[in-house]
Amino acid sequence: MENGNHKEIPEDANEHCPGTQSEDAGKSDACAGCPNQEAYLVVIAERMATVKHKILVLSGKGGVGKSTFSAQLSFALAAMDFQVGLLDIDICGPSIPKMLGLEGQEIHQSNLGWSPVFVDSIGVMSIGFMLPDPDDAVIWRGPRKNGIIKQFLKDVYWGELDFLVVDAPPGTSDEHISIVQFLKETGIDGAIIVTTPQQVSLIDVRKEVSFCKKVGIKVLGVVENMSGLCQPVTDFKYLKQSKNGDQEDVTRWAMEIMKEKAPELLDLVACSEVFDSSAGGAAKMCRDMGVPFLGKVPLDPKLCKAAEEGKSCFSGEECGVSAPALSAIIAKLLKDNTMT
């Protein structure tokens, strides 16, 4: 059957079907629940047959460092000589291109499909590569988000991968339902959930754990990010504050005093709790809900800088506080889930 625009429409299609050959196929509101979409699952399964491990990275709230973790996880795995792909399905807020240093890059087409953008041997795919202007807002309803995620999975040629890391948006919405629906039959290893220590974040992480259990996705573990501010004493700026609130920079004076009176202090790392974790933080929540706790990552300004610059925190010794914590978490993830 064909419509007036000569777009092939199956006999059992939903009303107002745009046609299987239309650019709106899978994206239109009329595509929701269409039985013909199941054919795409076969194509996706064929694409995913060359991917050994698929890991979802989730969070209950935005701003907890989920995308930073996804990026650094990918850098770490690539540094271990694994073949890694990183798929950004945060359609409305794609930050992976920035965190991989790939802003301004474009997707290219080959006879095998869409080619990921590569950095440090990591193949990266994001809607951020498709926007004419990085400041353009993506204002899409669920079916269109569903359609582009489907297109990423069926049209991108990843090649042979050891790991496909999927960076999802916060919460449990259309994107999460779609990625689980499309990938579940191909074998998802599980999900890593990123949180911060405070209760307002953990409340939503509990919902994320509940989501995983309801859709049958294993929780590989929870990462407590921004678990206290930690940085070398020598990296701090020291201020003297007057009674009226004025501040004077006395860093040079403070450093000279330490060098003269207590030079051993210069080798210390200072830590301070940023968020209230008196209720036990993510570790207690994991015990309560029966899911693994992978570890804590401190709030490290140098890790933040690495993410802003699209760099790995594992190269060199700049991220001396956060890199060891991330390395321990990734080692535990691989060991506990036999992914080595």
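The values are calculated or read from the model by the stated rules, or taken from the named source; none is laboratory data. Remember, it's a predicted structure, so these values are computed and weren't measured experimentally. Cβ placement follows ideal geometry from the backbone for every residue including glycine, while neighbour counts extend to all protein chains displayed.
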Going through the stretch 73-90 in order, the residues found to be within 21 Å of V205 (Cα to Cα) and either of a type outside the set (D, E, K, R) or outside any loop (DSSP other than H, G, I, E, B) (or both) are L73, D88, I89
Exactly one of G320, G295, G280 is within 23 Å of the chain's Cα centre (by Cα), on the phi > 0 side of the Ramachandran plot and surrounded by 14 or more Cβ atoms within 10 Å (Cβ to Cβ), and that residue is G295
Residue count, the stretch 37-71, condition farther than 17 Å from T172 by Cβ, under 9 Å from the mean Cα position of the chain (by Cα) and of a type in the set (A, V, I, L, M), comes to 1
If we keep only residues of the stretch 219-257 that are of a type in the set (A, V, I, L, M, F, W, C) and under 30 Å from A331 (Cα atoms), then the residue surrounded by the most Cβ atoms within 10 Å (Cβ to Cβ) is V223
Query raised in the report: Could you say whether any residue in the stretch 136-157 is farther than 30 Å from G280 by Cα, touching a Ser or Thr at 6+ places or on another chain (Cβ under 7 Å) and not in a helix (DSSP H, G or I)?
Result: yes
Here the residues within the stretch 143-159 that are touching an Asp or Glu at 6+ places or on another chain (Cβ under 6 Å) and charged (D, E, K, R) are K145
Looking across the stretch 311-336 at residues that are in contact with a helix residue (DSSP H, G or I) (Cβ under 6 Å, 6 or more places away or on another chain) and not in a helix (DSSP H, G or I), the single one that is modelled with the lowest pLDDT is E318
If you go through P134, P143, the only one that is within 20 Å of the chain's Cα centre (by Cα) and either assigned by TED's automatic domain parsing to the domain that holds A306 or among the polar types (S, T, N, Q) (or both) is P134
(Q) Would you confirm whether or not the stretch 186-196 contains a residue that is of a type in the set (D, E) and touching a His at 6+ places or on another chain (Cβ under 9 Å)? (A) yes
Please verify whether S312 is polar (S, T, N, Q) and crowded, with 16+ Cβ neighbours inside 10 Å, treating the condition exactly as stated.
yes
(message) Just checking, does the stretch 201-210 include any residue being assigned to a helix (DSSP H, G or I), of a type in the set (S, T, Y) and surrounded by fewer than 19 Cβ atoms within 10 Å (Cβ to Cβ)?
(response) yes
Sole miss for P197 among (1) closer than 23 Å to A307 by Cβ; (2) part of a loop (DSSP other than H, G, I, E, B); (3) modelled with pLDDT of 95 or more is condition (3)
Quick check on R252: is it more than 28 Å from F211 (Cβ to Cβ), assigned to a helix (DSSP H, G or I), modelled with pLDDT of 95 or more and not β-branched (V, I, T)? yes
*asked:* Taking the conditions exactly as written (of a type in the set (G, A, S), surrounded by fewer than 23 Cβ atoms within 10 Å (Cβ to Cβ) and at pLDDT below 95), does G190 satisfy them or not?
replied: no
